[in-house]
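Chemist: Take a look at the following structure, please.
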Amino acid sequence: STPASLGFLDIEFPKSSDLFELFECTETMRTDYDYESFLQGLRALTVSEESYFRINESGLLCIQHQVETQGGGRCFVDFIML
(Lines give C-alpha, C1' and ligand atoms only; values in the text may rest on other atoms or scores of the structure.)
Protein backbone atom coordinates (compact mmCIF):
# COMPACT_ATOMS: atom_id res chain seq x y z
CA SER A 1 0.00 0.00 0.00
CA THR A 2 1.32 3.44 -0.86
CA PRO A 3 -0.25 6.89 -0.55
CA ALA A 4 -0.55 8.93 -3.78
CA SER A 5 -2.14 12.25 -4.70
CA LEU A 6 -5.42 10.51 -5.54
CA GLY A 7 -5.49 8.08 -2.63
CA PHE A 8 -3.78 4.76 -1.93
CA LEU A 9 -2.44 2.10 -4.25
CA ASP A 10 -2.84 -1.49 -3.07
CA ILE A 11 -1.25 -4.38 -4.95
CA GLU A 12 -2.16 -7.99 -4.27
CA PHE A 13 -0.27 -10.86 -5.84
CA PRO A 14 -2.03 -14.21 -6.27
CA LYS A 15 0.15 -17.26 -5.73
CA SER A 16 -1.02 -18.85 -8.99
CA SER A 17 -0.10 -15.94 -11.32
CA ASP A 18 1.87 -16.67 -14.53
CA LEU A 19 3.91 -13.55 -13.77
CA PHE A 20 5.96 -15.36 -11.13
CA GLU A 21 8.65 -17.98 -11.45
CA LEU A 22 8.63 -18.37 -7.69
CA PHE A 23 6.28 -17.02 -5.03
CA GLU A 24 7.01 -17.68 -1.37
CA CYS A 25 4.86 -16.18 1.33
CA THR A 26 4.06 -17.89 4.61
CA GLU A 27 1.68 -15.22 5.94
CA THR A 28 -0.26 -12.16 4.80
CA MET A 29 1.80 -9.00 4.99
CA ARG A 30 1.01 -5.29 4.70
CA THR A 31 3.65 -2.64 4.12
CA ASP A 32 3.50 1.05 3.14
CA TYR A 33 5.91 2.77 0.74
CA ASP A 34 6.17 6.24 -0.74
CA TYR A 35 4.49 6.10 -4.18
CA GLU A 36 7.01 8.30 -6.03
CA SER A 37 9.92 6.32 -4.61
CA PHE A 38 8.24 3.04 -5.57
CA LEU A 39 7.89 4.29 -9.16
CA GLN A 40 11.62 5.05 -9.24
CA GLY A 41 12.28 1.41 -8.40
CA LEU A 42 10.22 0.33 -11.41
CA ARG A 43 11.99 2.53 -13.99
CA ALA A 44 14.35 -0.23 -15.17
CA LEU A 45 11.43 -2.64 -15.58
CA THR A 46 11.01 -1.66 -19.26
CA VAL A 47 14.57 -2.73 -20.18
CA SER A 48 15.03 -5.65 -17.80
CA GLU A 49 15.11 -9.30 -18.81
CA GLU A 50 13.98 -10.39 -15.36
CA SER A 51 12.98 -8.54 -12.22
CA TYR A 52 12.93 -9.71 -8.62
CA PHE A 53 10.83 -8.27 -5.80
CA ARG A 54 11.65 -9.21 -2.24
CA ILE A 55 10.17 -7.93 1.00
CA ASN A 56 11.59 -9.13 4.30
CA GLU A 57 9.70 -9.41 7.58
CA SER A 58 10.75 -5.84 8.53
CA GLY A 59 9.22 -4.39 5.34
CA LEU A 60 12.54 -3.80 3.54
CA LEU A 61 11.72 -3.85 -0.19
CA CYS A 62 14.37 -4.85 -2.72
CA ILE A 63 13.62 -4.54 -6.43
CA GLN A 64 16.37 -6.04 -8.58
CA HIS A 65 16.42 -5.83 -12.38
CA GLN A 66 18.66 -7.96 -14.59
CA VAL A 67 19.65 -5.87 -17.63
CA GLU A 68 21.64 -6.88 -20.72
CA THR A 69 24.58 -4.57 -21.47
CA GLN A 70 25.62 -3.36 -24.93
CA GLY A 71 28.42 -5.93 -25.01
CA GLY A 72 26.00 -8.78 -24.37
CA GLY A 73 26.84 -9.13 -20.69
CA ARG A 74 24.43 -8.79 -17.81
CA CYS A 75 24.31 -6.37 -14.92
CA PHE A 76 21.94 -5.82 -12.05
CA VAL A 77 20.15 -2.64 -11.02
CA ASP A 78 19.05 -2.70 -7.37
CA PHE A 79 16.56 -0.46 -5.64
CA ILE A 80 16.16 -0.81 -1.87
CA MET A 81 13.50 0.92 0.15
CA LEU A 82 12.25 0.87 3.75
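The values are calculated or read from the model by the stated rules, or taken from the named source; none is laboratory data. Being a predicted model, the structure only gives us computed values, none of them experimental. We place every Cβ from the backbone using ideal geometry, glycine too, and count neighbours over all the protein chains shown. Surface accessibility is based on the protein's heavy atoms, side chains included, excluding ligands, DNA and RNA. Shrake-Rupley method; radii C 1.70, N 1.55, O 1.52, S 1.80 Å.
Chemist: So, by mean Cβ neighbours within 10 angstrom, what's the order for 28-38, 61-71 with the highest one leading?
Modeler: Per-residue Cβ counts within 10 Å, averaged per peptide and sorted highest first, yield 61-71, 28-38.
Chemist: Between Asp78 and Tyr35, how many nm apart are label points set 7 Å from Cα along the C-beta direction?
Modeler: 2.9
Chemist: Can I ask one more? When the accessible area of the stretch 39-80 is split by element with a 1.4 Å probe, what percent falls to carbon and sulfur?
Modeler: Solvent-exposed carbon and sulfur of the stretch 39-80 make up 51 percent of the total.
Chemist: Right, here's the next one. Please give the calculated 222 nm ellipticity per residue for the chain, where each DSSP H segment of at least 4 residues contributes -39500 (n - 2.57) and the sum is spread over every residue; nearest 500 deg cm²/dmol?
Modeler: The helix contribution divided over the chain gives -2500 deg cm²/dmol.
Chemist: Would you mind counting up the charge near Gln40? Only other residues with Cβ under 14 Å from its Cβ, with Lys and Arg at +1 and Asp and Glu at -1.
Modeler: In short, -2.
Chemist: Turning to a different aspect of this structure: What net charge do the residues around Asp78 carry, taking every other residue with its C-beta under 14 Å from that of Asp78, with Lys and Arg at +1 and Asp and Glu at -1?
Modeler: +2
Chemist: Then there is this: Cβ under 14 Å from Val67's Cβ, Val67 left aside: what net charge do those residues give with Lys, Arg +1 and Asp, Glu -1?
Modeler: Counting the neighbours of Val67, the net charge comes to -2.
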